[in-house]
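**Q** Here you go, one structure.
The values are calculated or read from the model by the stated rules, or taken from the named source; none is laboratory data. Note that the structure is predicted; figures quoted are calculated from it, not measured. Note: ideal-geometry Cβ built from the backbone for every residue, glycine included; neighbour counts use all protein chains shown. Keep in mind that these areas ignore ligands, DNA and RNA; they rest on the heavy atoms of the full protein, side chains included. Shrake-Rupley method; radii C 1.70, N 1.55, O 1.52, S 1.80 Å.
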Amino acid sequence: MNKSKKIIIALIAVLTAVALFLLGVMSLFIAGGDKLEDMLDKREDDLKTVVFQKEYSINDFQKMKIDCGCADVTFKPSQNGNVGVTVFGANDNKFSGEIKNETLELNEIYGKATFRWARAIKFKGLHIVVKIPQGFDFPVDINVNYGDIDFETEYNSLLNVQISTGDFEAISLGGKFDISTNTGDISIKNAKPYENSSLKTDTGDIEVDNVLNTKIISEADTGNEDVNGSDDSSGVTLTVTTDTGDIEVNDN
């Protein structure tokens with residue numbers, strides 16, 4: 001047998017092995033889907049341990065700053081007048097919450113992420129729950145590489161949010177807000193900016209259900225724009241832009 005035939009036979013053997021391996025993996029997903037799902041659910045349960053919990057008096061700081069690599073951040077109403085922070089994660093996650101120079105700094109020190117691939121690829125890291133009292137008006141600065149931000153309580157002050165990959169949601173935003181995500185959707189139920197504000201995503205949709213007494217400037221490079229109720233006489237402007245995605249803004 002000459003050398004060229006040996007090479008061809010070797011290549012056929014390698015390709016056959018690869019094909020059998022891929023077939024085995026596909027069989028695992030088809031026949032063992034439930035077991036795989038259970039395994040992933042257990043891995044996600046490992047991220048539900050309380051790794052940090054603390055309350056802070058609003059008299060001790062004037063600003064809040066959150067900086068994390070992979071984390072979902074949810075803002076909820078506080079019932080006792082203090083700011084409460086609870087962080088869920090894996091046992092070996094490390095998190096810090098310190099007041100420095102009148103700023104409450106909430107930082108991920110060491111995180112661990114998993115991902116769901118049975119339904120869709122989605123990373124799961126820390127889950128930070130921040131409870132703020134009614135009328136909380138301190139500036140909030142959030143920087144997250146991967147994760148979703150959700151304001152489940154009304155907020156009316158200076159808000160700056162930078163997300164690399166993730167969605168932003170809020171039930172009611174006032175004051176001045178600048179929200180930016182590279183890849184993700186932005187959704188706000190009620191927007192009432194008191195100063196010029198902005199919503200921006202490179203890839204994603206932007207939806208504002210209700211905004212009043214505000215001039216709307218919108219731009220979608222690739223996508224549809226549906227803007228209703230822009231008040232061109234208003235001294236407050238909301239700029240809404242997306243490179244790839246749809247924009248929908250309504251006044252009711």
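**Q** In segment 176-209, how many residues are open to solvent by 30 Å² or more (accessible area, probe 1.4 Å) and assigned to a strand (DSSP E or B)?
**A** 14
**Q** Continuing with the same structure: Could you tell me which numbered condition G69 fails, if it satisfies all but one of (1) at pLDDT 95 or above; (2) touching a Gly at 6+ places or on another chain (Cβ under 8 Å)?
**A** The single condition G69 does not satisfy is (1).
**Q** Residue by residue through segment 73-102, note down the ones that are open to solvent by 20 Å² or more (accessible area, probe 1.4 Å), assigned to a strand (DSSP E or B) and modelled with pLDDT of 95 or more.
**A** K76, P77, T86, E98, I99, K100
**Q** For D150, which of the numbered conditions (1) at pLDDT 95 or above; (2) more than 30 Å from F61 (Cα to Cα) fails to hold?
**A** Every listed condition holds for D150 apart from (2).
**Q** Look through L158, L173 and report the one residue that is open to solvent by less than 20 Å² (accessible area, probe 1.4 Å), closer than 19 Å to T74 by Cα, in contact with a strand residue (DSSP E or B) (Cβ under 7 Å, 6 or more places away or on another chain) and not acidic (D, E).
**A** Step by step, each of L158, L173 is checked, and only L173 is open to solvent by less than 20 Å² (accessible area, probe 1.4 Å), closer than 19 Å to T74 by Cα, in contact with a strand residue (DSSP E or B) (Cβ under 7 Å, 6 or more places away or on another chain) and not acidic (D, E).
**Q** Within segment 210-252, which residues are of a type in the set (D, E), in a strand (DSSP E or B) and open to solvent by less than 60 Å² (accessible area, probe 1.4 Å)?
**A** Across segment 210-252, the qualifying residue is only D251.
**Q** Which of (1) modelled with pLDDT of 60 or more; (2) open to solvent by 90 Å² or more (accessible area, probe 1.4 Å); (3) not aromatic (F, W, Y) is the odd one out, the single condition K6 does not satisfy?
**A** Going through (1) modelled with pLDDT of 60 or more; (2) open to solvent by 90 Å² or more (accessible area, probe 1.4 Å); (3) not aromatic (F, W, Y) one by one, K6 breaks only (1).
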